[in-house]
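The numbers here are math on the coordinates, done by the rules we state, and not lab data. The shown structure was predicted, so the numbers you read here are calculated from the model rather than taken from an experiment. Cβ sites come from the backbone with ideal geometry, for glycine too, and all protein chains shown count toward neighbours.
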Amino acid sequence: MNKEAANQELFNFSTADMLGSCGIDRDVAEYGRRAEESLAERFAEIDRVAEYNQLKVIHAFQKCRVSEACLTGTTGYGYNDLGRDTLEEVYAATFRTEAAIVRPLIACGTHALAIAMAGNTRPGDEILSISGKPYDTLEEVIGIRPSVGSLAEYGITYNQVDLLPDGSFDLDGIRAAINERTHLVIIQRSKGYASRKTLSVAQIGEAISCVKAVRPDLLVMVDNCYGEFVEYREPSEVGADMIVGSLIKNPGGGLAPSGGYICGTKECVERAAYRMTCPGLGAEIGPSLNLNTSFYQGFFSAPIVTAAALKGAIFAARLYEELGFAVIPDSHESRHDIIQAITLGTPEGVVAFCRGIQHGAPVDSFVTPEPWDMPGYDDQVIMAAGAFVAGSSIELSADGPIRPPYNVYFQGGLSWPSAKLGVLMSLQSMKEAGLVNIPVL
Ligand SMILES: *Cc1c(COP(=O)(O)O)cnc(C)c1O
């Protein structure tokens, strides 16, 4: 054995030991090591995208002249908040849009989407979703499920074109659904918690071209949640008038403690800003408090953090598909978001998986999650999260409704080693529950 190989063995040996200290059996660790090795090429491609996006972000920081003064915040009305205004320029430069609002006072992704839609529609307009049913929480915003204050109450109607059975856009259906009242077309990039495929930026670009060929004046908004920095381009680079997302997912890099963003054309962002605060004031007010450093640093880290989460998702897909479980997407498919669905087939499987994820987290690792009756859901739901920011799903987390086919949705991990530990812990937990046999290698 040459010196390098000997060093390598020593390294592997101590990492395996450390995994052992964390509760991972040798056979699980070894099974994981083989899977990791077999993914080397995929991981290299993820690193290439991450490097490109890291440079894209740094270039935007430099172009917008981010300075030390930007890292301090304002209180009160927040007039002339240099840090806030420059951060918005950085987002716009990175996502190649004319304007952006990036605010802690936007409470979550749903809030950002609601502001973008309400600001850019007027009574009598119709919203057309061309990627099927939107994310659950938007049903009440739009009024698909009746709700106080919904857009439907303001006389804004809604129509939807489902994706085709193969998961692609129904371009003929879209052309046919556009009428003289259609004003805002919405597209959801991620599958969210549906079992469809996630849409690629290229596919989204084709659909936008199709829409604009019918009526160039139509506005297109993309729900970009979970998609940021997964590809080289964002939907705003293929014609979307607005892209919208949450800062406790990818672009916050795990450091932003709250917030949402809307990036897009000057007109769209301005109209959204008048809804975010009020007519006349728009984006001029809204203090950044003491959050600028975490927003900047989080956005700076986001490409690398997103890459870690993607590696964790592909690693989970590979481990579980080789054990015979159905996974969406599988470990070979191209990725357009960070969500991994695994069909575990039994309630015990979902519970064991989530407990493993919890025990692999940096915070609250000693807690044992239980299924519970969550408001708004018919079935019991189990959730695992041991996060620095409550509810943050760029951090290691998993959840699943306790109902057939017993899917679990896994996402996040702020670093690749922590994502890997979480996935291995899920498998260890499945093994201890007698639900899987780890192949002898
Ligand atoms: C997370 C998410 C949202 C917004 O959810 P919030 O919990 O309000 O941040 C919207 N759409 C999709 C596809 C999402 O994944």
Relative to the compact-globule estimate 2.2 N^0.38 Å (N residues), the Cα gyration radius of region 196-245 stands at a ratio of 1.09
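How do the peptides 295-305, 271-281, 188-198 rank, highest first, by the average count of neighbouring beta carbon atoms within 10 Å per residue?
On the way: 295-305: 23.5, 271-281: 17.3, 188-198: 20.6.
Answer by packing, highest mean first, reads 295-305, 188-198, 271-281.
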For region 51-108, the Cα gyration tensor yields equivalent-ellipsoid semi-axes (√(5λ), largest first, whole Å) of 21, 14, 10
The chain, Gaussian network, Cα under 10 Å: of GLU180, GLU126, GLU45, the residue fluctuating most is GLU180
For region 226-373, the dipole about the Cα centre with charges only on Cβ (Lys and Arg +1, Asp and Glu -1), to the nearest 20 debye, works out at 300 debye
Taking a straight Cα-to-Cα line shorter than 29 Å from LYS133, and setting aside same-chain lysines fewer than 8 residues away, one finds LYS191, LYS197, LYS212, LYS249, LYS266, LYS311
Asserting the computed 222 nm helical MRE of the chain (DSSP H runs at least 4 long, -39500 (n - 2.57) per run, divided by residue count, to nearest 500) equals -13500 deg cm²/dmol
Non-local residues with an amide H under 5 Å from the amide H of GLY143, with H modelled 1.01 Å from N and Pro and chain starts lacking one, are LEU151, ALA152
Most packed first (mean Cβ within 10 Å per residue), the peptides 54-60, 110-116, 76-82 order as 110-116, 54-60, 76-82
Here the equivalent ellipsoid of region 26-162, derived from its Cα gyration tensor, has semi-axes (largest first, whole Å) of 36, 29, 15
Shape descriptors of region 272-345 over alpha-carbon atoms, Rg and Dmax in angstrom, are 19.7, 59
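Tally Lys/Arg at +1 and Asp/Glu at -1 over every other residue whose Cβ is under 10 Å from the Cβ of GLY286; what's the total?
Charge balance near GLY286 sits at 0.
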In cubic angstrom per residue, the convex hull of region 198-281 built on its Cα atoms measures 98 Å³
Among the Cα-Cα pairs of region 96-208, the proportion with separation greater than 24 Å, in percent, is 27 percent
Of all C-alpha pairs within region 314-364, those more than 17 angstrom apart amount in percent to 41 percent
Semi-axes a, b, c in Å (a largest) for the chain, each sqrt of 5 times a Cα gyration tensor eigenvalue, come to 38, 26, 20
Highest GNM mean-square fluctuation among SER258, SER426, SER147, for the chain with Cα springs under 10 Å, belongs to SER147
Taking a ≥ b ≥ c as the square roots of the Cα gyration tensor eigenvalues, with a/c under 1.5 meaning rounded and otherwise prolate when a/b beats b/c or oblate if not, region 130-178 comes out oblate
